[in-house]
Amino acid sequence: MATVRNLKIKTSSCKRIVKELHSYEKEVDREAAKTADMKEKGADPYDLKQQENVLAESRMMIPDCRKRLEASLADLKGTLAELEEGNEKEGPDFEDARSTITEVEMLFQTTEA
């Protein structure tokens, strides 16, 4: 049975994963710039290889984060629908959940396009 408390938790979870996704995307940009800079400066091959490994690990985290966000979004939608069926439809928590759902769906649309 869904409760308003569960809705708050699932909304916060979605928001946290969105922040995490943005953080990983920024990290990939930062590490890619660092790798390119090292290549330009002719850094030691071992150091360059280690930096490329760091970049590869950062890139691997983005698809994982997206999968977790998709699962969290589906969970949030299910909880919201369950509460709406129980005639609980109003309040700041519901508005927050709806806006989070819209924000995440727009994020998915912009990254797929």
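The values are calculated or read from the model by the stated rules, or taken from the named source; none is laboratory data. Here the structure is a predicted model, which is why all the values come from computation and not from measurement. Every residue, glycine as well, gets a Cβ built from its backbone with ideal geometry; the counts of neighbours run over all protein chains shown.
Please tell me if Lys77 is surrounded by 13 or more Cβ atoms within 10 Å (Cβ to Cβ) and touching a residue at least 60 places away in the same chain (Cβ under 8 Å). Taking the combined requirement at face value, the residue does not satisfy it. Flag not set for Ser58, criterion: of a type outside the set (A, V, I, L, M, F, W, C) and under 20 Å from Val104 (Cα atoms). Here is a list: Phe108, Phe94. Which entry is over 15 Å from the mean Cα position of the chain (by Cα) and either surrounded by 11 or more Cβ atoms within 10 Å (Cβ to Cβ) or under 15 Å from Ser12 (Cβ atoms) (or both)? Exactly one of Phe108, Phe94 is over 15 Å from the mean Cα position of the chain (by Cα) and either surrounded by 11 or more Cβ atoms within 10 Å (Cβ to Cβ) or under 15 Å from Ser12 (Cβ atoms) (or both), namely Phe94.
Taking the stretch 76-113 as the range and being basic (Lys, Arg) and modelled with pLDDT of 90 or more as the test, the residues that pass are Lys77, Arg98. The combined condition, being over 12 Å from the mean Cα position of the chain (by Cα), more than 21 Å from Arg68 (Cα to Cα) and among the aliphatic types (A, V, I, L, M), is not fulfilled by Ala2. Of the residues Ala71, Ala56, the single one that is small (Gly, Ala, Ser) and over 13 Å from the mean Cα position of the chain (by Cα) is Ala56.
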